[in-house]
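Student: Submitted below is the structure of interest, expressed as structure tokens.
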Amino acid sequence: MANLAYKRASADQQSTDRQNLVLAETGIEDPVVFEEETGTSSRLHPLQRPKFGDLLTYARPGDTVHISEMFHLVRGTGHILDVLHRDRLALRIHDGAFSAMDLTARHPRTGELLSTMKFMVQTLAAAGELQRDLQRELTYDGLRAAEAKGSKGGRCPAITAEKTNDVRTAYLDGRSIAALARDHGVSRGAIRTAVADLMPEHTAADREDAPAPELPVTLDMPGKAADFLRTAELADVERAALDHGQAVRRGTGYTLRLAAVTAVHRQLLARCQPLDGTAAIPAQRKARREYENRVRTLGPEAP
């Protein structure tokens with residue numbers, strides 16, 4: 001019987017150091033480690049992740065899968081039961097709410113999960129989902145309150161105001177965007193944002209013979225889609241459109257009124273594609289379809 005350790009960090013800025021510490025403290029003997037590439041999102045179903053797929057291929061009856069905390073493996077009640085039913089995996093969670101549960105317990109004759117354990121797993125997972133939803137609502141309300149006082153919400157710019165002039169001067173002197181990104185330890189997108197009005201495509205638009213710039217179009221994005229996109233990796237222009245959207249309350253939910261050019265609306269719609277997957281809840285799938293219908297009114301995509 002082998003011990004298999006699974007680790008995952010969902011953002012490029014995160015590491016698995018804490019997971020390593022928790023697993024090391026358990027004294028697991030000779031674990032076979034399966035670690036996802038940094039930035040593997042929790043929204044991707046575990047059964048669709050490359051390294052977890054390798055783990056399932058490697059696992060044999062009697063092997064135990066060790067995880068530091070449940071959320072490193074699954075997100076939501078649907079995910080956890082899918083994993084527990086898959087190949088009758090024996091799971092050991094070593095920290096967090098699930099660490100007190102024996103997830104290897106099964107009926108002695110049928111080998112199926114015990115009904116009481118299913119109930120406890122679903123209850124704890126649902127409580128986790130509720131906690132995340134409440135945190136998003138509090139964050140959203142905090143941003144709206146800050147905006148009402150004149151403060152701008154959203155992420156801090158990667159290039160500080162003190163460095164922006166240096167970046168722009170270096171760009172005008174012929175320094176490439178890639179080189180500036182390396183010099184300042186930021187993404188190329190952050191450099192492009194800082195020098196956007198100096199780039200050739202922008203200065204060309206200032207010429208008299210250049211075509212008139214495309215005007216932004218205002219569309220309403222359902223709140224479920226907007227909440228998903230706030231946690232997704234977006235291009236700077238997409239993030240800016242989202243951050244400047246105007247929230248309109250709709251009963252217990254809200255709609256985000258976005259003003260953006262057609263191309264950006266189509267890009268945001270493409271980012272919502274995971275909401276059509278099996279891991280999404282019906283309300284999320286409905287929100288994506290509503291936004292898709294509104295984007296379609298903008299006409300066919302240019303070839």
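The values are calculated or read from the model by the stated rules, or taken from the named source; none is laboratory data. As the structure is a computational prediction, the values presented were derived from the model and not from experiment. Neighbour counts run over all protein chains shown; Cβ positions are idealised from the backbone, glycine included. Protein only, heavy atoms only, side chains kept; ligands, DNA and RNA dropped before computing areas. Shrake-Rupley method; radii C 1.70, N 1.55, O 1.52, S 1.80 Å.
Student: Kindly indicate whether any position in the stretch 225-236 is aromatic (Phe, Trp, Tyr) and within 19 Å of the chain's Cα centre (by Cα).
Tutor: So far as the stretch 225-236 goes, yes, one or more of its residues are aromatic (Phe, Trp, Tyr) and within 19 Å of the chain's Cα centre (by Cα).
For (1) open to solvent by 70 Å² or more (accessible area, probe 1.4 Å); (2) in contact (Cβ under 8 Å) with a residue 60 or more places away in the chain; (3) aromatic (Phe, Trp, Tyr), each residue gets a yes or a no:
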{"site": "217", "(1), (2), (3)": "no, yes, no"}
{"site": "224", "(1), (2), (3)": "yes, yes, no"}
{"site": "229", "(1), (2), (3)": "no, no, no"}
{"site": "272", "(1), (2), (3)": "no, no, no"}
{"site": "283", "(1), (2), (3)": "no, no, no"}
{"site": "294", "(1), (2), (3)": "yes, yes, no"}
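Student: Would the stretch 29-51 turn up any residue that is out of contact with any strand residue (DSSP E or B) (no Cβ under 9 Å at 6 or more places or on another chain), of a type in the set (Val, Ile, Thr), open to solvent by less than 30 Å² (accessible area, probe 1.4 Å) and closer than 30 Å to residue 186 by Cβ?
Tutor: Among the residues of the stretch 29-51, at least one is out of contact with any strand residue (DSSP E or B) (no Cβ under 9 Å at 6 or more places or on another chain), of a type in the set (Val, Ile, Thr), open to solvent by less than 30 Å² (accessible area, probe 1.4 Å) and closer than 30 Å to residue 186 by Cβ, which makes the answer yes.
Student: Given the structure, is residue 30 modelled with pLDDT of 80 or more, at positive phi and part of a loop (DSSP other than H, G, I, E, B)? Write out each step before concluding.
Tutor: Details: modelled with pLDDT of 80 or more: yes; at positive phi: yes; part of a loop (DSSP other than H, G, I, E, B): yes.
When the stated conditions are applied, residue 30 passes them.
Student: Taking only the stretch 52-64 into account, find how many residues are out of contact with any Phe, Trp or Tyr (no Cβ under 7 Å at 6 or more places or on another chain), open to solvent by less than 90 Å² (accessible area, probe 1.4 Å) and over 12 Å from residue 91 (Cβ atoms). Lay out the reasoning, then the answer.
Tutor: Looking only at the stretch 52-64, we keep the residues that are out of contact with any Phe, Trp or Tyr (no Cβ under 7 Å at 6 or more places or on another chain), and these are 53, 56-64.
So of that shortlist, the ones also open to solvent by less than 90 Å² (accessible area, probe 1.4 Å) come out as 53, 56, 59, 62-64.
Still in the list and also over 12 Å from residue 91 (Cβ atoms): 53, 56, 62.
Number satisfying all stated conditions: 3.
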